[in-house]
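The values are calculated or read from the model by the stated rules, or taken from the named source; none is laboratory data. Note that the structure is a prediction, hence the values are computed from the model and not measured. Reconstructed Cβ throughout: ideal geometry from the backbone, glycine too, with neighbour counts over all protein chains shown.
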Amino acid sequence: MPATPDPERQGLLFVLSSPSGAGKSTLSRRLLAGDASFVLSISATTRPMRPGEIDGKDYHFVDLARFRAMAEAGGMLEHARVFDHHYGTPRAPVEAAIAAGRDVLFDVDWQGTQQLRDSALGFAVVSVFILPPSIAELERRLRHRGQDDDAVIARRMAKSQAEISHWAEYDYVLINDDLDLCYSQIETIVAAERLRRPRQRALVGHIDSLNREFQELFG
């Protein structure tokens, strides 16, 4: 479904974060499929392309020298090293999207979220952290995916504790025990954040119109 711009409001930088296996990717795909105002922020990365991935769709695959040049020139909103590779958010497409009234969905960790808040676009950030119902369930989901060997799963589980420790830095925290309920809560958050007064570009013009009407009717 193509993204639908809304020139009468300012777009959101909508962050979903979670430890691996908590359901962030599933919820992100559902939000993108169900809400035409959202576009996905496509990160740049230095990691090798995996089978089936497409450059410019899944990631912008770049070498380390280019990645560093983009970051040093201010072309990244956020960037970090995750395990053995670098990931970052190119700035220009995000600025263009929110200026057109689109909402940009980010799949970043707590460090990326903090960098987004500290950036020139921090005013547009809305952050949501997704918690698993239990650590045992988190590990079960990782193993059920069948994508990683035991060593990688152990690394992800070790990293999850550090990620969860930053839960209080987010605007909203949800427990993904029921996927449908969790998604419904995300929809509620999105609807409320879009209605915040500073994001309603048309309000100033409407207030001016009401004031003119008062003058015409009552002097």
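Here are some notes:
- Any hit, segment 46-65, residues being surrounded by fewer than 18 Cβ atoms within 10 Å (Cβ to Cβ), in a loop (DSSP other than H, G, I, E, B) and touching a residue at least 60 places away in the same chain (Cβ under 8 Å): no
- Residue check for R91: of a type outside the set (S, T, Y) and either surrounded by 14 or more Cβ atoms within 10 Å (Cβ to Cβ) or in contact with a strand residue (DSSP E or B) (Cβ under 7 Å, 6 or more places away or on another chain) (or both): yes
- Boolean, L142 is of a type in the set (A, V, I, L, M), assigned to a helix (DSSP H, G or I) and either surrounded by 15 or more Cβ atoms within 10 Å (Cβ to Cβ) or modelled with pLDDT of 95 or more (or both): yes
- Segment 66-79, subset of a type in the set (A, V, I, L, M), closer than 18 Å to A120 by Cα and without any contact (Cβ under 8 Å) to a residue 40 or more places away in the chain, residue surrounded by the fewest Cβ atoms within 10 Å (Cβ to Cβ): A73
- Failed item, numbered, when S160 is tested on (1) assigned to a helix (DSSP H, G or I); (2) surrounded by 12 or more Cβ atoms within 10 Å (Cβ to Cβ); (3) under 17 Å from the mean Cα position of the chain (by Cα); (4) not β-branched (V, I, T): (3)
- Each residue in segment 166-219 was checked for being aromatic (F, W, Y), under 20 Å from L105 (Cα atoms) and in a helix (DSSP H, G or I), and 2 pass.
- One residue from D63, D35, D6 being modelled with pLDDT under 95, out of contact with any Lys or Arg (no Cβ under 6 Å at 6 or more places or on another chain) and over 22 Å from H166 (Cα atoms): D6
- Meets criteria (among the acidic types (D, E), closer than 28 Å to D103 by Cα, touching a residue at least 12 places away in the same chain (Cβ under 8 Å) and surrounded by 10 or more Cβ atoms within 10 Å (Cβ to Cβ)) for D208: no
- Check on I153, surrounded by 13 or more Cβ atoms within 10 Å (Cβ to Cβ), without any contact (Cβ under 8 Å) to a residue 40 or more places away in the chain and not hydroxyl-bearing (S, T, Y): yes
- Qualifying residue in segment 126-135 (condition: modelled with pLDDT under 95 and either of a type in the set (V, I, T) or touching a Gly at 6+ places or on another chain (Cβ under 9 Å) (or both)): yes
- Tally, over segment 105-145, of residues that are among the hydroxyl-bearing types (S, T, Y) and more than 13 Å from the chain's Cα centre (by Cα): 2
- A search for C-beta distances below 7 Å between a residue of segment 181-194 that is surrounded by 12 or more Cβ atoms within 10 Å (Cβ to Cβ) and any residue that is at pLDDT 95 or above and of a type in the set (F, W, Y), counting only pairs 6+ apart in sequence or on different chains, returns I189/Y172; V190/F14.
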